[in-house]
Amino acid sequence: MVDAPKSSFTLSDIELEPPRPDEVLVRIIAAGVCRTDIHIRDREYPIPFPVIPGHEGVGVIEQTGTSVAGFAPGDQVIMSYPRCGRCTNCHAAKYPYCKHGFDLSFGGGRLDGSTAYSRPTAGREAVHGHIFQQSSFATHTVVPATSLVKVPTDLPPEVLAPLGCGIQTGVGAIFESLAVRPGTAVAILGTGGVGLSAVMAASLAGAEVIAVDPNAERRRLATELGATHALDPKAGTVSEQLRSLRPDGIDSILETTGSPQVLADGIEALSMTGVLAMVGAAPAGTRAPLDMNVLMNGRTVRGVIQGDSTPQIIIPRIIDLIRGGKFPVHKLVKTYRFDEINNAVTDMDNGTTIKPVLLIG
């Protein structure tokens, strides 16, 4: 948990309420560490403290609420993003755009304001959590059943954990948001866990894949995972480098960094009718420079949440690709003990680890 903004993660004893009728109790096996968890730690979103972050968890169900169907104790599950199930976007199966999605993910509690977590002290001080309605930096948590995907036990937990957010986002952005076609050109700006997942997906889609990252090792790995070109943004203006490969511009661009300047450079490189999908999380209030004339001729820039994916559909699809040897997630992952969480964050910050995964249970 984190007691105050920008402080270190600490392990603490916390009391957890039993699951409500629509929730399940999950013993967490592993949890991925994502850049969003750092935004939470540093209070770059308006989240109450103290708080338990974590939103890429995999675990085993220990108890189900009275109204839960389709899940039972002993099931291994991935916990993905939450949805209310009642708003117009949910009714249209546009679950990543649930109208209560931000509050469910970053409100620090359930939608009714309650929290299942408290300190075991005389006053039972409330602890905020329910990040993505899972707060998976914990040994146990309660999760709405609608966020769960039942998964097989033949894959390592460190491979399964990141599928619930980062990997799903990169793959979904290519297959769903951008609907990449064979023979088109795709630029991936930033090759962290999301970006490299997108590189693999775009290669599987038959596209020309251009990875852009200042880290030489990540560029090498992007090439190993299917990128046809790997560009160093320090070698020259990104838009000019991209247009040197495709003078008419790039058909599809995925921006994963959350950097305003990287976004602006990507827009400059779009072809006519090209689409840039922005998945990189930036601190609240971040603004980007934009030449409005560049958007003429049908160019599109759009924000994308979770790769426009439904977890219960795309995660089994990714698992099939992993089992078939076509999607080597393990090449992105480095594991850490739960008590090494701050080391994991440091390694992610300095670029030595692409996708840290905490082995918890």
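The values are calculated or read from the model by the stated rules, or taken from the named source; none is laboratory data. Note that the coordinates shown come from a computational prediction; the quantities given were computed from them, not determined experimentally. Heads up, the Cβs are rebuilt from the backbone with ideal geometry, glycines too, and the neighbour counts pull from every protein chain shown. Keep in mind that these areas ignore ligands, DNA and RNA; they rest on the heavy atoms of the full protein, side chains included. Shrake-Rupley method; radii C 1.70, N 1.55, O 1.52, S 1.80 Å.
Here are the criteria: (1) open to solvent by 60 Å² or more (accessible area, probe 1.4 Å); (2) assigned to a strand (DSSP E or B); (3) of a type outside the set (Phe, Trp, Tyr). Tell me which single one VAL127 does not satisfy.
(1)
Can you give me the number of residues within region 140-179 that are in contact with a Lys or Arg (Cβ under 7 Å, 6 or more places away or on another chain) and surrounded by fewer than 24 Cβ atoms within 10 Å (Cβ to Cβ)?
Summing the residues that are in contact with a Lys or Arg (Cβ under 7 Å, 6 or more places away or on another chain) and surrounded by fewer than 24 Cβ atoms within 10 Å (Cβ to Cβ) in region 140-179 gives 2.
Sort out which residues of region 236-262 are buried (at least 23 other Cβ atoms within 10 Å of the Cβ), out of contact with any helix residue (DSSP H, G or I) (no Cβ under 7 Å at 6 or more places or on another chain) and not in a loop (DSSP other than H, G, I, E, B), and write them in order of number.
Once the filter is applied, which keeps residues that are buried (at least 23 other Cβ atoms within 10 Å of the Cβ), out of contact with any helix residue (DSSP H, G or I) (no Cβ under 7 Å at 6 or more places or on another chain) and not in a loop (DSSP other than H, G, I, E, B), region 236-262 yields only SER252.
Can VAL60 be described as out of contact with any helix residue (DSSP H, G or I) (no Cβ under 8 Å at 6 or more places or on another chain), within 24 Å of THR335 (Cα to Cα) and open to solvent by 10 Å² or more (accessible area, probe 1.4 Å)?
The answer is yes for VAL60.
What number goes with the only condition from (1) open to solvent by less than 10 Å² (accessible area, probe 1.4 Å); (2) touching a residue at least 40 places away in the same chain (Cβ under 8 Å) that THR353 does not pass?
Single failed check for THR353: (2).
How about region 73-85: which of its residues are open to solvent by less than 40 Å² (accessible area, probe 1.4 Å), over 15 Å from TYR95 (Cβ atoms) and not in a strand (DSSP E or B)?
If the condition is that a residue be open to solvent by less than 40 Å² (accessible area, probe 1.4 Å), over 15 Å from TYR95 (Cβ atoms) and not in a strand (DSSP E or B), then ASP75 is the only one that fits.
What pairs come up if the first residue lies in region 19-43 and is within 11 Å of VAL142 (Cβ to Cβ) and touching a residue at least 24 places away in the same chain (Cβ under 8 Å), the second is acidic (Asp, Glu) and part of a strand (DSSP E or B), and their beta carbons are under 6 Å apart, counting only those six or more places apart or on different chains?
LEU25/GLU62
Among ILE131, ILE210, which is in contact (Cβ under 8 Å) with a residue 60 or more places away in the chain, in contact with a Ser or Thr (Cβ under 8 Å, 6 or more places away or on another chain) and of a type in the set (A, V, I, L, M, F, W, C)?
Result of the check over ILE131, ILE210: ILE131.
Scan region 99-123 for residues that are assigned to a helix (DSSP H, G or I) and either in contact (Cβ under 8 Å) with a residue 40 or more places away in the chain or open to solvent by less than 10 Å² (accessible area, probe 1.4 Å) (or both) and jot them down.
Hits for region 99-123 are GLY101, SER105, PHE106.
State which residue is farthest from the chain's Cα centre (by Cα) when the search covers only region 277-329 and only residues that are in a strand (DSSP E or B) and either under 21 Å from VAL149 (Cα atoms) or not basic (Lys, Arg) (or both).
Among residues in region 277-329 that are in a strand (DSSP E or B) and either under 21 Å from VAL149 (Cα atoms) or not basic (Lys, Arg) (or both), the one farthest from the chain's Cα centre (by Cα) is THR300.
Only one residue in ALA179, ALA138, ALA93, ALA161 is part of a helix (DSSP H, G or I) and modelled with pLDDT of 95 or more, so which one is that?
Matching residue, one of ALA179, ALA138, ALA93, ALA161: ALA161.
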